[in-house]
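Below you'll find the structure, written out as structure tokens, and then a few comments.
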Amino acid sequence: MRDLRADLGHVEQATRRLASANGSRAIMVLAADRGAGSTSVAVSLALRVEALAARAVWLVDLNLDRSDAFDAFASPPFSAEGEMSRPYDASLGRAPIYSLSPETQLEAQARGSDKLLCVHQVSAKRLLVTRMRHERLSANQRIQFRDSPSWWPAVRTAADWTIVDAPALSETGTGLTVAQHTDGVVIVLRAGKTYADDAIALRRDVEAAGGRVIGLVLNGMNPVIHRLTGSRLRRAN
């Protein structure tokens, strides 16, 4: 995990220019392949804009089988930001953004599986990080993402910034489903391993799903940030 806050100036500027009806902005960080460093970008961006938030920054981890964003604060460099609070219910009174298989109604009531998604505050910061309570699951149960259009506006009422860490598209299309609920998408690619054609194809996929690409991070370059404008991007060799 890398702290990229010093390199995300262009991304922060792009997000601040986004217009929002209630002043709340939702930004997704999305990679084509796992290992590109999207969680480093999402955590770093969340910490960077936390200083700008009057209410809170909500870091939503859509990797429901893991807790990458939450785990990032357990070791350097992000462990220096402080300890995590106790878990709070993140359902916000809305339909959950996941489903369980198998699951009966009786089991759901007994286990409280409608509240498996929790949120932790990072020390005294105005930063909230989601986590799935995998410890409450049975050995044979599996979590699957389920779109909940009413949940995303509820998050906006609680936070000035929503930073969404989406799983890589090589694993699942969850990011494309959620893109329509965000104001902008930041694409993350690995320098030297993915090229201009990959970025353009990913941008087209996001836009076809109703999202808007506002920037590109080539992770592993110095500097790591390059703007994505129009449909032109120079190949990174």
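Kindly indicate the residue of the range 1-16 that is among the charged types (D, E, K, R) and open to solvent by less than 90 Å² (accessible area, probe 1.4 Å) and also nearest to D65 (Cα to Cα) among those meeting that condition. Checked the range 1-16; the qualifying residue nearest to D65 (Cα to Cα) is D3.
Of all residues in the range 119-142, those that are in a strand (DSSP E or B), open to solvent by less than 50 Å² (accessible area, probe 1.4 Å) and among the charged types (D, E, K, R) total 1.
Within this structure, S75 passes the test of being open to solvent by 10 Å² or more (accessible area, probe 1.4 Å), more than 14 Å from A154 (Cα to Cα) and not β-branched (V, I, T). Contact map, the range 76-91: first residue free of Cβ contacts under 8 Å to residues at least 12 places away in the same chain, second residue surrounded by fewer than 16 Cβ atoms within 10 Å (Cβ to Cβ), Cβ cut-off under 7 Å, separation 6 or more or different chains; the map is empty. Among the criteria (1) farther than 20 Å from I97 by Cβ; (2) at pLDDT 95 or above, the one G192 does not fulfil is (2). Inspect all residues belonging to the range 162-180 and state whether any of them is aliphatic (A, V, I, L, M), assigned to a loop (DSSP other than H, G, I, E, B) and within 16 Å of D89 (Cα to Cα). There is no residue in the range 162-180 that is aliphatic (A, V, I, L, M), assigned to a loop (DSSP other than H, G, I, E, B) and within 16 Å of D89 (Cα to Cα). Apart from one condition, V188 fits all of (1) β-branched (V, I, T); (2) within 27 Å of M132 (Cα to Cα); (3) part of a helix (DSSP H, G or I); the exception is (3).
The set of residues in the range 171-194 that are open to solvent by 30 Å² or more (accessible area, probe 1.4 Å) and within 16 Å of the chain's Cα centre (by Cα) comprises E171, T172, G173, L176, T177, Q180, H181, D183. Looking at the range 17-67 only, could you name the residues that are touching a strand residue (DSSP E or B) at 6+ places or on another chain (Cβ under 7 Å), of a type in the set (A, V, I, L, M, F, W, C) and open to solvent by 20 Å² or more (accessible area, probe 1.4 Å)? Answer for the range 17-67, where residues must be touching a strand residue (DSSP E or B) at 6+ places or on another chain (Cβ under 7 Å), of a type in the set (A, V, I, L, M, F, W, C) and open to solvent by 20 Å² or more (accessible area, probe 1.4 Å): just A32. What do you reckon, is A42 closer than 28 Å to A201 by Cα and in a helix (DSSP H, G or I)? Criteria met by A42. For the range 128-155, a residue qualifies if it is under 14 Å from the mean Cα position of the chain (by Cα) and among the basic types (K, R), and exactly one does: R131. Once the range 195-232 is narrowed to residues that are open to solvent by 20 Å² or more (accessible area, probe 1.4 Å) and aliphatic (A, V, I, L, M), the residue that is modelled with the lowest pLDDT is M221.
The values are calculated or read from the model by the stated rules, or taken from the named source; none is laboratory data. Quantities reported herein were computed from a predicted structural model and do not represent experimental measurements. We place every Cβ from the backbone using ideal geometry, glycine too, and count neighbours over all the protein chains shown. SASA here: full protein model, heavy atoms, side chains in, ligands and nucleic acids out. Shrake-Rupley method; radii C 1.70, N 1.55, O 1.52, S 1.80 Å.
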